[in-house]
1. Can you quote the Å³ per residue value for the convex hull of the Cα atoms in chain A, rounded to an integer?
2. Short version: ³J(HN,Hα) in whole Hz for each residue of the stretch B:81-87, in order, from phi by Karplus 6.51 cos²θ - 1.76 cosθ + 1.60 (θ = phi - 60°), x for Gly and Pro, what are they?
3. How about A:Lys259: which lysines have a C-alpha closer than 29 Å to its C-alpha, ignoring those fewer than 8 places off in the same chain?
4. Mind checking which of B:Val203, A:Ala208, A:Leu278 is farthest towards the positive end of the protein assembly as shown's charge dipole, using Cβ charges of +1 (Lys, Arg) and -1 (Asp, Glu) about the Cα centre?
5. Show which lysines lie in cross-link reach of B:Lys174 when reach means a straight Cα distance below 24 angstrom and same-chain residues fewer than eight apart are skipped.
6. Give the long-range amide H neighbours of B:Ser229: residues separated by 5 or more places, or on another chain, with amide H under 5 Å away, using H modelled in the peptide plane at 1.01 Å from N.
7. Which whole-number percentage describes the relative contact order of chain B, with Cα contacts under 8 Å and a sequence gap of 6 or more?
8. As a test of the formula, what do you get for the protein assembly as shown when each DSSP H run with n ≥ 4 contributes -39,500 (n - 2.57) and the sum is divided by the residue count, at 222 nm and rounded to the nearest 500 deg cm²/dmol?
Amino acid sequence: MTIQFNDETFRGDYSFRNSPWAIKRFPFPFHEDSYMYSVNMEQHRGGPAGSVYEKRFDVDEHYVSEMRDRALVLAEDPLRCQSLPHMTLAGWDLLELIMVSKSEDYPDLFELHRDGDRWRWVNRPMGIDDTFTFMDETTLPYGPMEYITRQTQGDFAVLDQRDDNLWMDAGMVTTQADWSLDFDIGMNFFEWHAPVPLAHEMGIFKRALKFLMNVQQGAPARRLNWTMTVNPLLDTSPENYHKWGIQKTELTPENIGAKQHLRVELQTFYRLPRSNALVFPIRCYLIAFQDLVTVPKWGRRLHRVVRDLPEELATYKGFIANRPMMLDYLSQYDDGLPTSPGVWPDLDTEPPLQK
Amino acid sequence: MSAAPQKTKAGAEKIEVIVSAVVPVNELVTRFEFQRPDGAPFPPFSAGAHTVVEMNDAGRTRLNPYSLMSDPADPGTYAISVRRDDQGRGGSLFLHRNVKPGDRMTLSYPVNLFPVDLRGRKHVFLAGGIGITPFLAMIAQLEKLGARWELHYACRNEALASYADVLTARHPGKVRIYYDDRKQAIPLGDLLDGQPLGTHVYVCGPKGMIEWVHRTATDHGWPEDNVHSEEFLAPQPGKPFEVRLCKSDMTIRVGENESLLEAMERCGVDAPFLCRGGACGQCETDVVEHEGEFIHRDHWLEDDQQASGTKIMPCVSRFVGPTLVLDR
């Protein structure tokens, strides 16, 4: 399939839009009418054709514009990309993983030609054709992690594994749900998750760490996470909170359908072969409420999830103040009918809105 | 989320291989080299990783972990070196006696429970006997990265010093060999005292040697996180015992020469596992009820967990007594 890449912005005039194709394949994160934390991991080995789970690194219509936005963020704040000295090998691992995956999964968009250590990488959508020496940093314009993640959607946390823990020792983080690589760099798994409410008491992180340390080569895993964002902003960082935080007060009953977005992260986990590090790609998908409710099942369910979410979680996810307005809007799309199990839109089998 | 529910099978991903060479190294040790049948490259691996070798020994499946000793930068070949254990349960004997070039075998993807700490300013390797194997891969990897390292290698005698000649010739000045029959011993205390700040020590060898290194390092003020070890445990034979598996709703008998994990597998229970050597934690199993004594042999459970009688690692640990009920 050839992807038509959008020319759009995630700031200023916010011209970001989801096409009908992108709406239908949106990774809706709620498999039932309520939500609570769980270590909801599964293997990352493909998924239904056309879904965001199908390829190892999903490329969609937002690719080129997202990469342009990343370049803008980095130009203003180079500390969004950091790699401690011992993580360079992991950077090469990541470069190889992405180049091999993308060239195999999207041969019409990406090509990788390897002749020993001499590699040629062609990225058609971004107009890149570079030849370099694998494992020789001097032959690339950036370090290996920065080079490849300037060309790959999603944030990347590269975690060193040692002393029975994972350490946030490298990353490219420009599309984050309000966390800072510059703040977290060098922290271990428990330290960087310290601000999350409830989950510690539930033992979630101990179990999650055990699971992640056992993610093995050739057997990647994935899960979804979600939050809410006003305006289609990729860069909701603590560094720029003074710019975007205020926008949460600009919601009105008239503009909420267009401005309020459900933000979903497709998180995947790969063991990196040469470094034994773990890479944690965090891919952000945004959808406006007004687009989401065009899928009747999702409209019904989102209303119920937002309504019944524990207060601590609505506070942590940053929408407690706007929850009443969100519920006023979403309740128009909940007719009380039961919903089918699972995350899929089920457009052909679920009834249209009955009010 | 449930985008595409799949049942996870126990163990790591597998790779089909052809035995490309069987090379006797000395009287006890043989090297086995593998290639992929289609000539495709192997997955790259990190030094210190092991692979689990699947053996079909006259209908009985044996799964033994061995350190990958080949150069991680060489994707054409995986190699292991196996010491013949005449008293063991038969895995090494099977490899030595039955495996020939051209044979097809199955390996697991590499799994690393003994990684190099890449922050280390210097790496000191302490090998005892066949414990040399992971260090061969580490040395190859660190040489490419231009890192500082040295190896101290204790062997019984010159004839059994696997790869000592190659290592000494290739890296004079970085490799020291110590022979038991010449009453030579690694001068551990002095060695530890003389290292620059930021040095990491790695030990692989017999249990006693590993304990000696950890104890001495602690005594000499080394931080625990700078001392790394790997000891593969082979399951030990023991008295047969009976186990009730409540989830599977069956009672099975663990024979003298098989592990609890192997007995479960023989009875068709898809129990989780990875290293099969008591180190990775994958096979940890809850004990529902017991009357008798555990023989815990793993490196995974904490002392208090072992003492509590609520957990067992079925890959290496056994039980003596009339009643054992597991949540499996």
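1. Values: hull volume 47.6 nm³, N = 355.
Hull volume over Cα atoms, normalised by residue count, gives 134 Å³.
2. 10, 10, 8, 5, 10, 5, 9
3. Correct list for A:Lys259: A:Lys24, A:Lys243, A:Lys248, A:Lys297, A:Lys317, A:Lys355.
4. Projecting each Cα onto the dipole axis, the largest value belongs to B:Val203.
5. Here the lysines satisfying the reach criterion relative to B:Lys174 are B:Lys122, B:Lys144, B:Lys183.
6. B:Val203
7. On the way: 677 pairs, mean separation 48.1, N = 328.
Here the relative contact order equals 15 percent.
8. On the way: 20 runs with 161 residues, N = 683.
Per the formula, -6500 deg cm²/dmol.
Bear in mind these aren't lab numbers, they're just calculated from the coordinates by the rules spelled out. Everything numeric here is computed off the predicted structure, so don't read it as measured data. Quick reminder, even Gly has a Cβ in these numbers, built from the backbone with ideal geometry, and neighbours come from all protein chains shown.
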